[in-house]
Amino acid sequence: MTTLPERPVPPPRPGGTVGGRSVGGRRRGAGKRFLVVGDVLDGVIVHTRAQATGDHDATAEIRHRPAGAAGNTATWLGWLGADVDLVGRVGVDDVYRHERALEDAGVRPHIRYDARTSTGAVVSVRSDFGRTSMSDGGASAVLSADDVPSDLAGRADIVHLTGEAMLGAGGADRVAALVERARTGAARVSLDPSSVGVVRAIGAADLLGALDGVDVLLPGRAEAAALSGTTDMDEAARILTETVPLVLVTLGADGVLLGRRGRAQQRVPATPATVVDTLGAGDAFAAGFIRAWATDQVRVGSAAREGTRVAARALGFVGGRPPV
């Protein structure tokens, strides 16, 4: 297993630029350092008007984009002007391409590779009937705590763990080891389960058992239901706060359900948005939330509203990352 040398990202320039580009978000949380660990993938995004299997759509829109939950969240943090590092794993032939994409978004990449494993990929097909996604974890599926330098985790204020391939492929032991590595220093740890498939692959009880040390959990509706065993989101949030003290369940157009151990739950409405593509909206929410939460860990509702603001921006673009 081989690690490539890491190239530093240029520091923020005067006048609100990072890595040579304008910062799109508000500069909240200045001085805080973020580390995102997880999936960096190649994405193929398809918008088709085909009505059934076997139909040929010569006018389909097909786009190739860098993808993956960790890459998405890190680049939205970069868009917000945050000081952010990312640890991920890709195929040997794709290291430079993914490093450049991350650097252009204001992220310091720490990309590992295994010459025997290709870059993971996700195909997202959107039609009049909804969205279908298919994924191959590839190199992201072998990313582990050993890939995360202790000094990097030790310097972070927030460590965010995310990605179906990374979290779902190694079982509860890998998740627990990642959480332990994230807590090398004084960082707060946030975790996005990323997919109900992660819960099913590991098992709800085992996954919850691996979350000891996580400060905030960011599940979607399906992941919250799978983890808690109930489709009642208020009850689900209450159950999950028995394991993680702060839980934010993202509910799409219904906003966010905020659960805090020993306190009444709070509903935060979604920010109105023109929906072009839903891909990556949850990753953008995570970026907006942890960016604001890092500065003020008391005003959680305000941080959740910031998350919905960033998610609304993400809904206006095709693909899971902000425009560069």
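The set of residues in the stretch 281-321 being in a loop (DSSP other than H, G, I, E, B) and either polar (S, T, N, Q) or surrounded by fewer than 24 Cβ atoms within 10 Å (Cβ to Cβ) (or both) consists of D296, Q297, V298, R299, L315, G316, F317, V318, G319. Taken together, the criteria place L143 among residues that are in contact with a helix residue (DSSP H, G or I) (Cβ under 8 Å, 6 or more places away or on another chain) and either of a type in the set (A, V, I, L, M) or more than 19 Å from L217 (Cα to Cα) (or both). Take L102 and decide whether it is at pLDDT 95 or above, assigned to a helix (DSSP H, G or I), crowded, with 24+ Cβ neighbours inside 10 Å and within 19 Å of the chain's Cα centre (by Cα). Yes; evaluated as a whole, the condition is true for this residue.
Counting residues in the stretch 256-276 that are assigned to a helix (DSSP H, G or I) and either out of contact with any strand residue (DSSP E or B) (no Cβ under 9 Å at 6 or more places or on another chain) or surrounded by fewer than 19 Cβ atoms within 10 Å (Cβ to Cβ) (or both) gives zero.
The single condition from (1) among the small types (G, A, S); (2) closer than 21 Å to T132 by Cβ; (3) touching a Lys or Arg at 6+ places or on another chain (Cβ under 6 Å) that G280 fails is (3).
Condition check ((1) more than 23 Å from R181 (Cα to Cα); (2) in contact with a Lys or Arg (Cβ under 8 Å, 6 or more places away or on another chain); (3) of a type in the set (D, E, K, R)) across all residues:
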| site | (1), (2), (3) |
| --- | --- |
| V36 | no, no, no |
| D39 | no, no, yes |
| G43 | yes, yes, no |
| T48 | yes, yes, no |
| A60 | yes, yes, no |
| L86 | no, yes, no |
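For the stretch 127-199, the helices (runs of 4 or more DSSP H) that sit wholly inside it and include 1 or more residues that are closer than 22 Å to G320 by Cα and in contact (Cβ under 8 Å) with a residue 60 or more places away in the chain are 164-169. Residue check: is G209 without any contact (Cβ under 8 Å) to a residue 60 or more places away in the chain, closer than 23 Å to A294 by Cβ and surrounded by fewer than 16 Cβ atoms within 10 Å (Cβ to Cβ)? Taking the combined requirement at face value, the residue does not satisfy it.
Any residue at all in the stretch 21-35 that is over 21 Å from V123 (Cα atoms), part of a loop (DSSP other than H, G, I, E, B) and modelled with pLDDT of 80 or more? Checked the stretch 21-35: at least one residue is over 21 Å from V123 (Cα atoms), part of a loop (DSSP other than H, G, I, E, B) and modelled with pLDDT of 80 or more.
The values are calculated or read from the model by the stated rules, or taken from the named source; none is laboratory data. Everything numeric here is computed off the predicted structure, so don't read it as measured data. Backbone-built Cβ (ideal geometry, glycine too); neighbour counts: all protein chains shown.
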